[in-house]
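All of the numbers you see were taken from the coordinates with simple rules; none came from a lab. Just so you know, these numbers come straight off a predicted model, no measurement behind them. Cβ atoms come from the backbone with ideal geometry, glycine included; neighbour counts cover every protein chain shown.
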Amino acid sequence: TLKGIAFDLDGVLTDTARAHYRAWKRMADQLGIPFDEEANEALKGVDRMGSLALILGDRPGYDEARRVCLASQKNDWYLEEIAHFGPGDLFPGARAALEQCRAAGLGIALASASRNAPLLIARMQVADLFDTIIDPASLAAGKPAPDIFLAAATALGADPAEMLGVEDAPAGVEAIHAAGMKAVGVGTPAALPEADWIIPAIADFDLRDYAD
Ligand code: G16
Ligand code: MG
């Protein structure tokens, strides 16, 4: 029986990918590094410093101090992008999916790689629907490592085998499985071949489909 569920944020409950892209693009343009929406795909679910490393590649001249500076500048631009976020920026059905889990008595965790996740769920007025928000800064390794989903299980006091994870990124589905949970993929079967169930969007979320 299901005891808990862990939701990813970006790409599952809201679309912050566009905002991340615009902020990274601004930085890449300033550095004269080619970057487009296709290259941005590889950054989904990857943490801030990891994303920066993917953009810089093996270009010389970017030591740790400069990288920290660039990551901080990107985040300032990202904060500008999400300054206007509100409840209307939740994907259709996102709040209903969370309420469905609450009504079923599940513990609910937020398992986002974003350090801005607490700010976003507060602005979108769904913070009260989560029992715990895992702080990605507290983890040794990001997705596809299982750490964030294992931390969710611990925080909810649930066995991973009694939990579901909901993700839109392949690295996220891999992390859910590595933690010993079943994965609901939001997207297409082609993009998320490893997911146990696939829904096109969070509006299609239905707990009854994921009973074992
Ligand atoms: C999100 C995005 C990633 C982003 C990461 C870190 O992850 O998908 O593109 O790089 O958060 O964000 P921040 O710079 O705000 O800490 P998720 O796990 O919510 O899909
Ligand atoms: Mg995501």
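Points worth noting:
- Among beta bridges identified by DSSP and lying wholly in region 1-133, the antiparallel ones come to about 10 percent.
- Which of 94, 127, 83, positive extreme of dipole for region 1-156 (C-beta unit charges): 127
- Least to most buried among 114, 72 (fewest other Cβ within 10 Å first): 72, 114
- Note on the chain: with charges restricted to the Cβ of Lys and Arg (+1) and Asp and Glu (-1), its dipole about the Cα centre is near 500 debye.
- Tilt relative to the chain, helix 64-81 - C-alpha long axis, 0 to 90 degrees, to 10: 60 degrees
- Convex hull volume per residue, computed on the Cα atoms of the chain, equals 114 Å³.
- Along region 17-27 the Karplus relation, 6.51 cos²θ - 1.76 cosθ + 1.60 evaluated at θ = phi - 60°, assigns HN-Hα couplings of 4, 4, 5, 4, 4, 4, 5, 5, 4, 4, 5 Hz to successive residues, with x for each Gly and Pro.
- Leading residue at positive end of dipole, the chain (Cβ point charges), from 33, 136, 183: 33
- Karplus 3J(HN,Hα) series, Hz, for region 9-16 with 6.51 cos²θ - 1.76 cosθ + 1.60 (x for Gly, Pro): 9, 5, x, 10, 9, 7, 9, 9
- Rounded to 10°, Cα long-axis angle of helix 94-103 versus longest principal axis of the chain: 40 degrees
- For region 149-212 and region 32-91, distance of Cα centres in Å: 25 Å
- Charge dipole (debye, nearest 20) of region 130-170; +1 at Cβ of Lys and Arg, -1 at Cβ of Asp and Glu: 120 debye
- 3J(HN,Hα) couplings calculated from phi for region 113-129 with the Karplus curve 6.51 cos²θ - 1.76 cosθ + 1.60 (θ = phi - 60°) are, in sequence order, 6, 7, 5, 8, 4, x, 4, 5, 5, 5, 5, 8, 6, 10, 4, 5, 8 Hz; Gly and Pro show x.
- Working from Cα pairs under 8 Å separated by at least six residues, relative contact order for the chain is 27 percent.
- Dipole moment magnitude, nearest 20 debye, region 1-88 about Cα centre, only Lys, Arg, Asp, Glu C-beta charged: 160 debye
- Among 167, 37, 64, residue whose mean-square fluctuation peaks in a GNM of the chain (springs only between Cα atoms under 10 Å): 64
- Relative contact order for region 15-126: 34 percent, from Cα pairs under 8 Å spaced at least 6 residues apart, divided by residue count.
- Relative protection proxy for 49-60, 171-182, 3-14, from highest mean packing down: 3-14, 171-182, 49-60 (other beta-carbon atoms within 10 angstrom).
- Lysine pair count for the chain with Cα-Cα distance under 30 Å and sequence separation of 8 or more or different chains is 11.
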